[in-house]
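The values are calculated or read from the model by the stated rules, or taken from the named source; none is laboratory data. This structure is a prediction, so every number in the text was calculated from the model and none was measured. When we count neighbours, we look across all protein chains shown, and the Cβ atoms used for this are built from the backbone with ideal geometry, even at glycine. All accessible areas refer to the heavy atoms of the entire protein, side chains included, with ligands and DNA or RNA removed. Shrake-Rupley method; radii C 1.70, N 1.55, O 1.52, S 1.80 Å.
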Amino acid sequence: MSFNTFGHLFRVTTWGESHGPALGATVDGCPPGIELSEADIQPWLDKRRPGQNKNTTQRQEADQVEILSGVFEGKTTGTPIQLMIRNTDQRSKDYGDIAQSFRPGHADITYHQKYGIRDHRGGGRSSARETAARVAAGGVARKVLAALVPDLRIKGYMVQMGPKVIDRSRFDWDAIDQNDFWCPDPAVAAEWEDFLDFLRRKDHNSVGATVEVVAQGVPAGLGAPIYGKLDSDLAMAMMTINAVKGVEIGEGMAAAALTGRENADEIFMGPNGPEFSTNHAGGILGGISTGQDVVVRFAVKPTSSILSPRQSIRADGTPVEVVTKGRHDPCVGIRAVPVGEAMMACVILDHLLLDRGQTGGVRGKIG
């Protein structure tokens, strides 16, 4: 299997399977001299870690990251950084019944069609367990960004669960870290709790979600037209996250309902440079960052692993009724929040390094 690497200069290769002995990431292109330890990465993995509350999978993984290379005396050397996370709570027997059948909504059938072989234990490489490696790599990216762009901040949160959407008039940044859903609307978070509890315990079902990730303090000038646009790389990065089926930048699909006057962000000269009246563009114009907040949203489909019986076929083509046992997220969007943050960090750092290589940080004068 190829295509396990993303990034241009800051390159991340992930490896490992859901029920293998370990998984991890090889991070190449990290600048030298950056202070880095496991303690810098672990908080982000803790944010994504399974089994923390009743609203996520009850698989118990410590997700302790180990740095195997690329750091000497507490600083990056500029050589590849090898990150490893050991799997400690696999229950492969839960998947014995689907070894010869295909779960509807999963990658089981496409992996079999493409490769003629698949790891049925938890989905193997197609499992969302792979995203732990991305979060670890994102921890490295955040540490580098903190050194190069100290004012840059990245924050993700859920804005929708199934049909239930946040009320943006109640948006509270401080509330995001105070509930199980990374939700900025405390009132709707309470509704989500009851809704998800019903789906999980009584309906044996799951639900999709929408996650929004915002990067504040992104310098203007990142991104390279035509085929190295910042937004195209962000869209690709978010689409590679397991279960993501759609990505929006800024106004996204809603821009189709706007007129030109409504959509165009007016520009004014402020005391420290250009300022914009609105941010329908999501902080990116022509594939290049404007200096405004970079805003990305992605839609996560409902978890396909549910206890409700679904019709499918076996590898020999005969019909079968599939009930997926095991421990699964009733709404995978919850733990997708730190994954989206990690991918944002990796892409922005990659483009920051690309810009330094291409322009040396030179900018056109305004005012």
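Under a straight-distance cross-link criterion of Cα-Cα below 14 Å, which aspartates and glutamates are reachable from Lys143, leaving out those fewer than 8 residues away in the same chain? Of all the aspartates and glutamates, those that pass the test against Lys143 - Cα under 14 Å, at least 8 places apart if same chain - are Glu35, Glu38, Asp40, Asp151, Glu341, Asp350.
If you sort Trp182, Trp44 by accessible surface, 1.4 Å probe, largest first, the order is Trp44, Trp182. Relative to the longest principal axis of the Cα atoms of the chain, the long axis of helix 186-201 makes an angle of roughly 20 degrees.
Heavy atoms of the protein chains alone define the surface here; on that basis segment 232-330 has 53 Å² accessible area per residue at 1.4 Å probe size.
Rounded to 0.05, the FRET efficiency of the Thr240 and Asp197 pair, given R0 = 45 Å and the Cβ-Cβ distance, is 0.90. When both segment 174-226 and segment 231-276 are represented by their alpha-carbon centers, they are found 18 Å apart. Using the Cβ atoms and a cut-off under 11 Å, what net charge is assigned to the surroundings of Gln160, where Lys and Arg are +1 and Asp and Glu are -1? Net charge around Gln160: 0.
Just to be sure I understand the curve: with the Debye formula and one point per C-alpha of segment 128-220, what is log10 I(q)/I(0) at q = 0.17, 0.21 Å⁻¹? Ignoring solvent entirely, the Cα scatterers give -0.88, -1.09.
Give me the distance in nm between label points sitting 7 Å out from Cα along the Cα-to-Cβ direction at Ser2 and Val149, one decimal. Those two pseudo-labels are separated by 3.2 nm.
Accessible-area rank, largest first, for His204, His120: His204, His120, with all protein chains present and a 1.4 angstrom probe. If you line up the long axis of helix 131-148 against the longest principal axis of the chain, both from Cα atoms, how many degrees apart are they, to the nearest 10? Long axis of 131-148 versus the principal axis of the chain: about 20 degrees.
Counting charges near Leu222 (Lys, Arg +1; Asp, Glu -1) among other residues having Cβ under 12 Å from its Cβ returns a value of -1. Of the residues Met253, Met161, Met269, ranked by 1.4 Å probe accessible area with the largest first, the sequence reads Met253, Met269, Met161. Kindly identify segment 244-338 as rounded, prolate or oblate by the Cα gyration tensor criterion: order the square roots of the eigenvalues as a ≥ b ≥ c, call it rounded if a/c is under 1.5, otherwise compare a/b with b/c, prolate if a/b is larger, else oblate. Judged from the Cα gyration tensor, segment 244-338 comes out prolate (a/c at least 1.5, a/b above b/c).
Within the full protein context, the accessible area of Glu17 is estimated at about 70 Å² for a probe radius of 1.4 Å.
Here the spin labels are modelled as points 7 Å beyond Cα on the Cα-Cβ line, and at Ser277 and Ile117 they lie 6.2 nm apart.
Share of carbon and sulfur in the accessible area of the chain stands at 53%, probe radius 1.4 Å.
Give the angle, between 0 and 90 degrees and rounded to the nearest 10, that separates the Cα long axis of helix 38-48 from the longest principal axis of the Cα atoms of the chain. Tilt relative to the chain: about 60 degrees.
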